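Here, each number is a calculation from the coordinates, and none is a lab measurement. Values in this document were obtained by computation on a predicted structure and should not be read as measured data. Here the Cβ is made from the backbone with ideal geometry for all residues, glycine too, and neighbour counts use every protein chain on show.
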Amino acid sequence: MTKRTVTCVAIVVTGLAALSMAVAAQNAPKPAVADTKPRMPQYNSDGALQLPGDYRQWVFVGSSLGLSYTDGGPSSMNMEMFHETLMEPTAYRQFVDTGTFREGTMLALLLHGAGEKVMPARRGKFAADIHGVEMAVKDTSHRPEGWAYYNFGGMSGIRPTATAMPKESCYSCHVQHAKRDNVFLQFYGLLAEAANIKVDAAAHEPAALAIGGLDPVMLVIGREEMGKPEIVETHGSLRYQFVSEPNRARFAADPDKFAAESKAAFAKLGQ
Ligand code: HEC
């Protein structure tokens, strides 16, 4: 080989090596948290949220088993599920740096059935089949209250899109009980630690129940109706339950009046 051919071959080889490295870099899974360009939720023309294709690769922030805010009735006893909360990586990065959930933050909640007695496991339970996929999305341009909640189905198939759930089905419990900006940070030790935030789950005891759980707005118009534990409002050191979201809003508009009047009406009930 002449000197010239050697140089040529060397150039070709170097070129090929560079090319193959570039291809490899493209195919290699990117470390999730290194992404920095903020990802935003995508909606279809009807305003339904599209389920992001990669949500199962998001950052794991917490898990729970059979967690429930309502006192366990028979159905919740039968269906003890594993919950996993995953967070979209660019929003995760931002939260770790700033302690705030930016616009466009997306969190996914995966519900799994509890599997057991699969060899070689003799004891214990593990997260088995997916029973549900839900999402929480902070997007003020889409919903004035910011956070919206979506249910993508589960056992009988996961839908590619979902419309926002009514406020009283999901939002009201989150806004009332979640530790930080509608997100249940008190159950996500890993996320709190990564953002250097101290949360004490035990310190988040709900306030004592007022007027035996009756709806105060109904009570002042002379009707004795039990409020729902998921539609609540805290006033002073007490927690009020309501039959509906409009009732909660009426109470919230003038809590002192409703608190005083319902207390008086409640006292009369026993007489
Ligand atoms: C009665 C209270 C309550 C209601 C109602 C509720 N949730 Fe939650 N949600 C929780 C709790 C507690 C967690 C903590 C994580 C867990 O369950 O493991 C949570 C966590 C989540 C998360 C993970 C991100 C976060 O905000 O912490 C999503 C997503 C979610 N819920 C979606 C929904 C959807 C969709 C609905 C309505 C169909 C709903 N939730 C209704 C209590 C509630």
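Among the trypsin sites (Lys or Arg not before Pro) within segment 205-271, those in coil by DSSP and having at most 16 neighbouring Cβ atoms inside 10 Å are ARG223.
Applying both filters, DSSP loop and at most 12 other Cβ atoms within 10 Å, to the trypsin sites (Lys or Arg not before Pro) of segment 147-199 gives LYS198. In this label model, ALA264 and SER68 are separated by 3.9 nm, measuring between points 7 Å along each Cα→Cβ vector. For segment 94-129, trypsin sites (Lys or Arg not before Pro) are listed when DSSP marks them as loop and at most 10 other Cβ atoms sit within 10 Å of their Cβ; the list is LYS117, ARG122, ARG123. Histogrammed with a bin width of 10 Å, the alpha carbon distances of segment 32-203 distribute as 9, 36, 38, 15, 2, 0 percent, first bin at zero.
Sort ILE130, ILE221 by Cβ crowding within 10 Å, fewest neighbours at the top.
So the ranking, lowest neighbour count to highest, is ILE221, ILE130.
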